Amino acid sequence: MLTVTPTHCPYCSLQCGMNLVPTASGVVGVEERAGFPVNRGALCGKGRTAAAVLAPGVRLTGPLVRRGGALEPASWDEALRLVAEGLSRTRSAHGPDACGVFGGGGLTNEKAYGLGKFARVVLGTSQIDYNGRFCMSSAAAGQLAAFGLDRGLPFPLEDIPRTGCVVLVGSNMAETMPPAVRYLNELRENGGTLVVIDPRRTRTAELADLHLAPRPGTDLALALGMLHLVVTEGRVDEEFVRARTRGWEDARAAVMAHWPEYVERVTGVAVPQLREAVRMFCEPESAMVLTARGPEQQSKGTDTVGAWINLCLATGRAGRPLSGYGCLTGQGNGQGGREHGQKSDQLPGYRKLTDPAARAHVAGVWGVDPDSLPGPGRSAYELLDALGRDVRALLVMGSNPVVSAPRAAHVEERLRSLDFLAVADVVLSETAALADVVLPVTQWAEETGTVTSLEGRVLLRRRAVAPPEGVRSDLEVLRELAGRLGVEKGFPADPEEVFEELRRASEGGAADYAGISYRRLVEEDGVFWPCPEEEHPGTPRLFLERFATEDGQARFAAVSHRAAAEEPDAEFPVHLTTGRVVSQYQSGAQTRRVAELNAAAPGPFVELHPRLAARIGVAEGEPVAVVSRRGRAEAPARITAGIRPDTVFMPFHWPGAGRANNLTTPALDPTSRMPEFKVCAVRVEAAGTG
Ligand code: SF4
C-alpha cells in the first residue's frame, strides 16, 4: 500500500481531491490534497470525516438473510444463492420484466456500467433505473434538447471567477458543496456579480449582490419574465441568435406573454428586482446561469431549464468563452452514473436505447444479439410504484429510496410488498433493513474505480486500504450473480478491465471515453470527456465552435409558465420545499452514522417564518406537524425571517416521524420523469393539535 494515496471524496459531485493516509487503528485517515485544482485542499465536514464509515462498527461486514422475519448473518454462498434463486424464480414465473434493478448515483462508472449490462444481458429486463433520476434528470433533458448534449457544466469551475455575472438558481452551494464557494467569492473579488434565486435566504443567498425569493415552483415564470425584459429593453444578441440558434420566433412569442407585472404576481418578485437581475446579467461581456435541484425538481423542470437556457441563448451567453448554462449536479457520480447504462432509456456512452445503431454497437461489445436487448423501462419513481405489482423482485445497489424517494411511505409499502428484495450496500440502510438478502459491499477507499464530476472530469478513486474480510465489491457481486444465472463470461471483477470495456462501449457515443485510461487518469489527475483518442487532450469547454445538434445550432424552447402539480388551497395553504443541510448527505445512510456530523445536524426541522409560527402558535424548537395529501411529518420549529411567510422548508436526510418525503408529491415532469420534490401544498400546525 502507498503511504499516501491520492483519491477523491465519496460524496458529492464536486469530487474534492483528498489524500488517504494510514492510521494506527488500521483504518485510513483523510488529509488535504492541495494539488487537486478544484478544491485546492479544502474539504467540507462530510469529506473530512468520510473515513469514519470505513470502521467495522459502522458498516456491514457480512451478508444477512431474512429468517423467520429477522435478518441474520449468513455465508456469501448462501446469500448469493438466495439472490440468484429469487431473481430466477421471478423471471421464470412472471417474465424478465418482473425483475427490477435500482442503482445509485454514487456507484462508480464501472459499477454503473456493470449494473446496466447485468440487467439487460443477464436478467433481460427493461426495468432498470437509478436514483440519479431524482437528481439532475430535468437539466439533462433540457440541455439535450437545447444543445444536443448534456454534461453538467459545459465549462470548468475555474471559469466562474472570470465571468461577469453568475445567476445561481436553486442552489445552496454554501451547504451542499462548501469548497466551491470560493469560486463565487473570487467572482465578486474580480468585480463580477452574483444573483441568487431561492425562496429561502440561504447561506449562499447571503453572499449574493441580489437575492430574488420567488414562490416555490415559479422559477419558470421568473426566467421568462427576465427574458421578456431582455426583449423589451433591446438586449437580444440578434447576430448570435441568427448565427447559432434555431426556434427563436416561437420562443419569443411565448416569452412576450409573460409581462413583468404578470411575473411579479406569479412569482412574488417585484418588477424592479427583476429589472436589476436583467441588468446584472446583460451588462457584462460574459455571464452564466447555473441551476441545481431548486428549478429542476419540479413537474416542469425540463421547461424551466429550457427557459434559463433561452435566456443564455437570446443574450449570446452560451457557446462562448466564460459564458453559458450549467447544472450543478448532485451525487458523487450522478454524471457518470447516467452516462453508462443504469438509466432506463440509455446505453453506455449516452446512447439512446431506441437507436438501432446504438444497440448494434453496444451489443457488439457485449457479444450479444442486438434484438435480445430490451427496450426502455420505467423511470425511477414509476419503477418503485410498480413494485409488488408488475415488478415482483428487485435488486438495489447503492440507493436508499425509503428515505430519498417522493411519497416515501408509499414507496416503503411497495418495497414491503415485493416477492423478493436484495440490497447491496455499505451500511444497513432503511431500504436494506427491508430486504430478504443484504450484500455488504466495499466502499470508496477500499476499491479502485472512476467517477465523473459535475465538470465532466473523469477521475480515478484509488484503493488505499483492504476491505474487511466479509465484504465483497459490487463488481464481484455482479460476476457471481451472473455466473449463478448462467452467464459465465463478461462480468470481470477487476475495475480496470471493466473500464477498458466501457471505453469501447462508449466509443463514438456522446459521452466518449475511448481515449481515457487509468494510466492517463493517474498521470493527468482527471480528463474531461468527450475524449475520443489517447492523444486527445479531453474537452473542458464544450460548444465554443458549434453545439452538439446535427446542424450545430442550439435550440430555443418555446415554453410557458404553468402551475405546480399541487398549489396551496384552503385545506393545504402553505408551500413545502425540501432540501439539504451541510452536515448530512442525501438519504443520510452514511453521514447519519458519523458522530461529528450527527452532532452538527442531529435531526430534521421545519423552517418557517415568524408570522407563520405566530399564527400556528409555535415557538423556536417546539414540535411542528406538517401534513400533506400523502402523509405527515413532525420536527422541531426553526423560525427565521429568511424564508417566505407562505413557505416551509424541511431537509430530507432522515427516516421516521420527521421523514420529509412522507409529504412530497410524485407528480412527474413529462419529459425527464423527475418528481416534484421542490414544491407541494401542506398544512402546518403545532404538533398534537391536528
Ligand atoms: Fe466531499 Fe462534496 Fe464536501 Fe467536497 S464538497 S468534501 S466532494 S461532500
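Values quoted throughout were computed directly from the atomic coordinates according to the rules given, and no laboratory measurement underlies them. On a predicted model such as this, the values are computed, not experimentally measured, just so you know. Note: ideal-geometry Cβ built from the backbone for every residue, glycine included; neighbour counts use all protein chains shown.
Indicate the gyration tensor shape class of the stretch 363-482 (rounded, prolate or oblate), computed on the Cα atoms with a ≥ b ≥ c the square roots of the eigenvalues: a/c under 1.5 is rounded; otherwise a/b larger than b/c is prolate and the rest oblate. Please report the intermediate quantities before stating the final value.
Details: a/c = 1.61, a/b = 1.22, b/c = 1.32.
Oblate.
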- Under-5 Å amide H pairs with R659, H placed in peptide plane, nonlocal only: E634
- Here the stretch 374-379 yields Karplus 3J(HN,Hα) values (6.51, -1.76, 1.60; θ = phi - 60°; whole Hz; Gly and Pro given as x) of x, x, x, x, 7, 6
- In whole Hz, the Karplus estimates of ³J(HN,Hα) for the stretch 567-580 (6.51, -1.76, 1.60; θ = phi - 60°; x where Gly or Pro) are 9, x, 9, 5, 7, 10, x, 10, 7, 10, 10, 10, x, 10
- Query: Looking at the P(r) of the stretch 137-328, how many percent of alpha-carbon pairs lie beyond 31 Å?
  - Reply: 7 percent
- Per residue, the convex hull enclosing the Cα atoms of the chain spans a volume in Å³ of 144 Å³
- Item | Karplus-derived 3J(HN,Hα), 6.51/-1.76/1.60, for each residue of the stretch 36-44, Hz, glycine and proline x | 7, x, 5, 10, 6, x, 6, 9, 7
- Among all the lysines, which ones have a C-alpha under 24 Å from K343's C-alpha, if same-chain residues fewer than 8 places away are not counted? K111, K117, K300, K352, K489, K678
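On alpha-carbon atoms, Rg over Rh for the stretch 5-54 using Kirkwood Rh? Walk me through the intermediate numbers first.
Details: Rg = 10.2 Å, Rh = 10.8 Å.
We get a ratio of 0.95 for the stretch 5-54.
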- Amide proton proximity set for V101, modelled H, under 5 Å, gap of 5+: I128, D129, L395
- Send over the semi-axes of the stretch 546-690's equivalent ellipsoid, whole angstrom and largest first, taken as the square roots of 5 times the C-alpha gyration tensor eigenvalues. 31, 21, 14
- For the stretch 604-622 versus the stretch 289-320, the gap between their alpha-carbon centres in whole angstrom: 33 Å
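Please compute the net charge surrounding L434, taking Lys and Arg as +1 and Asp and Glu as -1 over other residues with Cβ under 11 Å from its Cβ. All intermediate terms of the calculation are to be shown ahead of the outcome.
Details: positive: R66, R414, R416; negative: E412, E413, E430, D436.
Overall, the nearby charge balance is -1.
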- Within the stretch 410-432, backbone nitrogen closer than 20 Å to the virtual label 7 Å beyond the Cα of T23 toward Cβ: 426-428
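How do the peptides 374-387, 619-632 rank, highest first, by the average count of neighbouring beta carbon atoms within 10 Å per residue?
Details: 374-387: 21.1, 619-632: 17.3.
Highest to lowest by the protection proxy: 374-387, 619-632.
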- Please work out the C-alpha center-to-center distance from the stretch 73-100 to the stretch 492-559 and express it in whole Å. 35 Å
- Would you mind ranking S417, S126, S88 by Cβ crowding within 10 Å, fewest neighbours first? S417, S88, S126
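When M280, M177 are ordered from fewest to most other Cβ atoms inside 10 Å of their Cβ, what list results? Mind showing how you got there, number by number?
Working: M280 20, M177 28.
The most exposed by this proxy come first: M280, M177.
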- Rank-order 114-122, 99-107, 318-326, 51-59 by packing density, defined as the average count of other C-beta atoms within 10 Å over each peptide's residues, highest first. 99-107, 114-122, 318-326, 51-59
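Going highest first, how would you order 298-306, 66-74 by mean Cβ packing within 10 Å?
Details: 298-306: 29.7, 66-74: 11.7.
Highest mean packing first, the order is 298-306, 66-74.
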- Provide R546, R201 in ascending order of the number of other Cβ atoms located within 10 Å of each residue's Cβ, fewest first. R546, R201
